[in-house]
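The values are calculated or read from the model by the stated rules, or taken from the named source; none is laboratory data. As the structure is a computational prediction, the values presented were derived from the model and not from experiment. Cβ: placed from backbone, ideal geometry, glycine included. Neighbour counts: every protein chain shown. Just the protein is used for accessible areas: all its heavy atoms, side chains included, with ligands, DNA and RNA removed. Shrake-Rupley method; radii C 1.70, N 1.55, O 1.52, S 1.80 Å.
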Amino acid sequence: MQQYQRDFIQLALEHQVLCFGDFTLKSGRQSPYFFNAGRFHTGAALAALGQAYAEAIIASGVEFDVIFGPAYKGIPLGAVTAVALAQKGVDKPFCYNRKEAKDHGEGGTLVGAPLVGKVLIIDDVITAGTAVREVMQIIGEHGAEAAGVVIGLNRQERASEDCELSAIQQVEQQYNIPVISIVQLDHIVRYLEEESRDSDTVRKIVGYRQRYGVSGQ
């Protein structure tokens, strides 16, 4: 595990972005942990978050021309990532979309830099892949192409009971692009074990991973 990954997990714990307990997910599954990126809501937390995204992007070696933050959570994530990358000498244009078109001023649904070339999508998680498919349509309409998607956490679990692939694997296969995550669930388990955190929590997460997890990630 890289230092930026350890720092990201620690940051998520400090701000209760990563919580442990008994949570009902949108899928109906009972999960022993929950990840809510909306709780990164202080200036310092957002600055550190941007650094984590930037480190993951640089480590991946992905090539891109513009950063895209899909509404709504992807907008601040894309912005702080663009700032962090610029601080590391990778200064790229940033663009985001509105949910509804603006009929005055500059108009349209896109704000910021032109959506051209290879587009790197920044978001928090991929649950069902619906948001990514919407973004892919936007990118295609502007004659650009997706370079990849960057997310905070890869839950490493099957998209549905009758599917052996995760939503992330489905996106990668459907669009032939990489999905880059700052951390995977396995990283969280390893961190908790190394830090001698609650062994019962670790046991429950490992059991959840065994029941719903995917291989190859």
Next item on the list: Using the structure shown, decide if Leu13 is over 27 Å from Ala144 (Cβ atoms) and surrounded by 14 or more Cβ atoms within 10 Å (Cβ to Cβ).
Entry: yes
Next item on the list: For the stretch 128-170, name all the residues that are at pLDDT below 90, open to solvent by less than 50 Å² (accessible area, probe 1.4 Å) and within 21 Å of Gln210 (Cα to Cα).
Entry: Ala159, Ser160, Cys163
Next item on the list: Those residues that are assigned to a loop (DSSP other than H, G, I, E, B), farther than 26 Å from Thr127 by Cβ and under 19 Å from the mean Cα position of the chain (by Cα), I need them from the stretch 70-92; list them, please.
Entry: Lys92
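Against the definition (more than 27 Å from Ser31 (Cβ to Cβ), surrounded by 13 or more Cβ atoms within 10 Å (Cβ to Cβ) and in contact with a Pro (Cβ under 6 Å, 6 or more places away or on another chain)), how does Ala113 come out, yes or no?
Working: more than 27 Å from Ser31 (Cβ to Cβ): yes; surrounded by 13 or more Cβ atoms within 10 Å (Cβ to Cβ): yes; in contact with a Pro (Cβ under 6 Å, 6 or more places away or on another chain): yes.
Answer is yes for this residue.
Right, Ile57: open to solvent by less than 50 Å² (accessible area, probe 1.4 Å), β-branched (Val, Ile, Thr) and under 15 Å from Ile122 (Cα atoms) or not? Reasoning before the result, please.
Numbers: open to solvent by less than 50 Å² (accessible area, probe 1.4 Å): yes; β-branched (Val, Ile, Thr): yes; under 15 Å from Ile122 (Cα atoms): yes.
Criteria met by Ile57.
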Check: Residues of the stretch 151-176 being touching a Phe, Trp or Tyr at 6+ places or on another chain (Cβ under 6 Å) and closer than 14 Å to Ile122 by Cβ, which ones?
Finding: Leu153
